[in-house]
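K.L.:
A single structure is presented below for examination.
The values are calculated or read from the model by the stated rules, or taken from the named source; none is laboratory data. Computed from a prediction, not measured in an experiment: that's the story for all the values here. Cβ atoms come from the backbone with ideal geometry, glycine included; neighbour counts cover every protein chain shown.
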Amino acid sequence: MAYLKANSNLFLNNLSLPKNKSRFQAFNSFEEDYSSSSFKSVSIPFEGCKDDFLVYNNHLSSNCSSNVGMRSILNKGVECSFQALIDIENKIKNSKAEQDCKAILLDEKSSMNAKPEMKIFNNDVVCKAWNNYWFS
């Protein structure tokens, strides 16, 4: 859990190579203006594994930005999930939120579950969400 104050930046790059099960969770609270976070992950699980990625960004102040992204290469029997929640209240202005999930499925018995969520209650924000899947 991170509490981001004025002008603070939190960046994380993650490489996940699980052999059994793996779960990454992050909860970010943007408490003061001009704070930002970027969480990027690459997931290449071994055959028959599960890998979960969960990030929750709660924009409580204006002029903040969050960026969450995952890339996955999934072999036989692999199950991967991407869950990202952005919460921006009515009073928050000039904030930016991005979510991005891309996966390459190398086998018909692999699966990618994506659940990007954005709870945005005003028009003075920039939000983007992408989900792309390729089958080999």
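K.L.:
Could you grab the pairs with beta carbons closer than 6 Å, sequence gap of 6+ or different chains, first residue in region 1-28 and charged (D, E, K, R), second one outside any loop (DSSP other than H, G, I, E, B)?
P.N.:
21/50; 23/52
K.L.:
Residues in region 62-78: is at least one part of a loop (DSSP other than H, G, I, E, B), touching a residue at least 40 places away in the same chain (Cβ under 8 Å) and closer than 30 Å to residue 5 by Cβ?
P.N.:
Taking region 62-78 and keeping what is part of a loop (DSSP other than H, G, I, E, B), we get 62-64, 75-78.
Filter again for touching a residue at least 40 places away in the same chain (Cβ under 8 Å), leaving 64.
Now drop any that are not closer than 30 Å to residue 5 by Cβ, which leaves 64.
Yes, there is a match, as at least one residue in region 62-78 is part of a loop (DSSP other than H, G, I, E, B), touching a residue at least 40 places away in the same chain (Cβ under 8 Å) and closer than 30 Å to residue 5 by Cβ.
K.L.:
Next question, about the same structure. Looking at 74, 54, which one is in contact with a Leu (Cβ under 6 Å, 6 or more places away or on another chain) and either more than 18 Å from residue 36 (Cα to Cα) or modelled with pLDDT of 95 or more (or both)? Break it down into steps so the answer makes sense when it comes.
P.N.:
On the way: 54 fails: in contact with a Leu (Cβ under 6 Å, 6 or more places away or on another chain).
Unique residue meeting the criteria: 74.
K.L.:
Oh, and also: Only one of 82, 27, 53 is more than 26 Å from residue 133 (Cβ to Cβ) and assigned to a strand (DSSP E or B); which? Even if it seems obvious, please write down each step before you answer.
P.N.:
Working: 82 fails: more than 26 Å from residue 133 (Cβ to Cβ); 53 fails: more than 26 Å from residue 133 (Cβ to Cβ).
Checking each option against the conditions leaves just 27.
K.L.:
Restricting the first residue to region 81-105 and requiring it to be on the phi > 0 side of the Ramachandran plot and in contact (Cβ under 8 Å) with a residue 40 or more places away in the chain, which pairs with a second residue that is buried (at least 19 other Cβ atoms within 10 Å of the Cβ) and assigned to a loop (DSSP other than H, G, I, E, B) meet a Cβ separation below 6 Å and a spacing of at least six or different chains?
P.N.:
So the pair list comes out empty.
K.L.:
Has region 87-94 got at least one residue that is in contact with a His (Cβ under 9 Å, 6 or more places away or on another chain) and either of a type in the set (S, T, N, Q) or not in a loop (DSSP other than H, G, I, E, B) (or both)?
P.N.:
Just the residues of region 87-94 that are in contact with a His (Cβ under 9 Å, 6 or more places away or on another chain), to begin with: 87-89, 92.
Now drop any that are not either of a type in the set (S, T, N, Q) or not in a loop (DSSP other than H, G, I, E, B) (or both), which leaves 87-88.
The answer is yes, given that some residue of region 87-94 is in contact with a His (Cβ under 9 Å, 6 or more places away or on another chain) and either of a type in the set (S, T, N, Q) or not in a loop (DSSP other than H, G, I, E, B) (or both).
K.L.:
Sticking with this structure for a sec: Do you know which of the residues in region 45-60 that are surrounded by fewer than 24 Cβ atoms within 10 Å (Cβ to Cβ) and in contact with a Ser or Thr (Cβ under 7 Å, 6 or more places away or on another chain) is farthest from residue 3 (Cα to Cα)?
P.N.:
That would be 52.
K.L.:
Output the residues belonging to region 108-120 that are in contact with an Asp or Glu (Cβ under 9 Å, 6 or more places away or on another chain) and more than 10 Å from residue 84 (Cα to Cα).
P.N.:
At the first step, the residues of region 108-120 found to be in contact with an Asp or Glu (Cβ under 9 Å, 6 or more places away or on another chain) are 110-113, 116-120.
Result: 110, 111, 112, 113, 119, 120.
K.L.:
If we scan region 109-129, do we find a residue that is within 14 Å of residue 79 (Cα to Cα), of a type in the set (A, V, I, L, M) and either assigned to a strand (DSSP E or B) or within 19 Å of the chain's Cα centre (by Cα) (or both)?
P.N.:
Yes: region 109-129 contains one or more residues that are within 14 Å of residue 79 (Cα to Cα), of a type in the set (A, V, I, L, M) and either assigned to a strand (DSSP E or B) or within 19 Å of the chain's Cα centre (by Cα) (or both).
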